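Written below as structure tokens is the structure these notes are about.
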Amino acid sequence: MATKETKSADKAKAADKGGKTAKGGDQAQKAAVKPQGAQIVAKGYVPTLQKMYKEEIVPKLIKEFAFTSPMQAPKLEKIVVNQGIGSATGDKKLIDVALSELSTIAGQKAVQTASKKDISNFKLRRGMPIGVKVTLRAAKMYEFLDRLISIALPRIRDFKGITEKFDGRGNYTLGIKEHIIFPEIDIDKITKIFGMEITFVTTSDKDEEAFALLREFGLPFRNIKK
């Protein structure tokens, strides 16, 4: 026969368990909230360019560079989109605007970048926010690249292609003067036009291999030999 003390202990355990369950539910609910600008990628979804890389680009690179294994073919590791907001020192709200707009463009939450040193001439202090950036990998990287190539770049006025200047280590940085070329940005609602740098980081340390990779993805370089 259960004593009063035993019954009280059982009730306490049940209450504690219920509290933990409720707390866990709150945490799960908070975790389920999608950050601003984030996109949900369906499980098992393979972006068009990722599929094209495996089925079409790798065989072409193997043939072009006489690789003996598909593992030798260069891969696109990540894309880093960076915006420097120089005028943010005078108007801190511009950082919030840039964060929101870059998150929308990239489909992933952007983060602030801060000054690494003091520069008195520009009223800049170490740790002060001076820009925003986002690093894209996997499915979101391929989706962004697809939108960049097929939609954004063709919207540049008098567009004649992009230069082929790599960094000597298999990476390429593309400068964009106006972020409004991305259709995700509503021109009627912008407060300021920002430029950006888009860096493509590959697994190759050779510029010619990285160039061939990005060329096959469809980046419109100016002097591609037909």
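The values are calculated or read from the model by the stated rules, or taken from the named source; none is laboratory data. Since this is a predicted model, take the numbers as computed values, not measurements. With ideal geometry, Cβ positions are generated from the backbone for all residues, glycine too; neighbour counts draw on all protein chains shown.
General remarks:
- Within the stretch 84-99, residues that are more than 20 Å from Ile185 (Cα to Cα) have Cβ atoms under 7 Å from residues that are at pLDDT below 65 in these pairs: Thr89/Phe122; Thr89/Lys123; Thr89/Leu124, counting only partners at least 6 apart in sequence or on another chain.
- Taking the stretch 142-195 as the range and being on the phi > 0 side of the Ramachandran plot and either touching a residue at least 24 places away in the same chain (Cβ under 8 Å) or in contact with a Lys or Arg (Cβ under 6 Å, 6 or more places away or on another chain) (or both) as the test, the residues that pass are Gly161, Gly168, Gly170.
- Residues of the stretch 141-185 satisfying the condition of being charged (D, E, K, R) and touching a strand residue (DSSP E or B) at 6+ places or on another chain (Cβ under 6 Å): Glu164
- Within the stretch 79-113, considering residues that are more than 18 Å from Ile198 (Cα to Cα) and in a loop (DSSP other than H, G, I, E, B), the one modelled with the lowest pLDDT: Gly90
- Qualifying residues in the stretch 138-168 (those that are charged (D, E, K, R) and out of contact with any Ser or Thr (no Cβ under 9 Å at 6 or more places or on another chain)) - the one nearest to Lys51 (Cα to Cα): Lys140
- Residue within the stretch 125-135 that is in a loop (DSSP other than H, G, I, E, B), free of Cβ contacts under 8 Å to residues at least 12 places away in the same chain and surrounded by 13 or more Cβ atoms within 10 Å (Cβ to Cβ) present: yes
- The single condition among (1) of a type in the set (S, T, N, Q); (2) modelled with pLDDT of 95 or more; (3) over 25 Å from Phe67 (Cα atoms) that Thr202 does not meet is (3).
- The numbered conditions (1) touching a Phe, Trp or Tyr at 6+ places or on another chain (Cβ under 9 Å); (2) at pLDDT below 95 are all true for Leu76 except (2).
- Pairs meeting the criteria (first residue in the stretch 42-71 and part of a loop (DSSP other than H, G, I, E, B), second residue not basic (Lys, Arg), beta carbons under 6 Å, at least 6 apart or on different chains) are Pro47/Ala139; Pro47/Tyr142; Pro47/Glu143; Phe67/Ala73.
- Positions within the stretch 155-181 being of a type outside the set (A, V, I, L, M, F, W, C), part of a helix (DSSP H, G or I) and more than 18 Å from Val80 (Cβ to Cβ), in sequence order: Arg155
- Residue in the stretch 17-38 that is at pLDDT below 95, outside any helix (DSSP H, G or I) and over 30 Å from Lys177 (Cβ atoms) present: yes
A quick yes/no check of all residues on (1) loosely packed, with under 13 Cβ neighbours inside 10 Å; (2) modelled with pLDDT under 95; (3) assigned to a strand (DSSP E or B):
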residue	(1), (2), (3)
Leu153	no, no, no
Pro183	yes, yes, no
Phe194	no, yes, no
Glu197	no, no, yes
Phe211	no, no, no
Asn223	yes, yes, no
Lys226	yes, yes, no
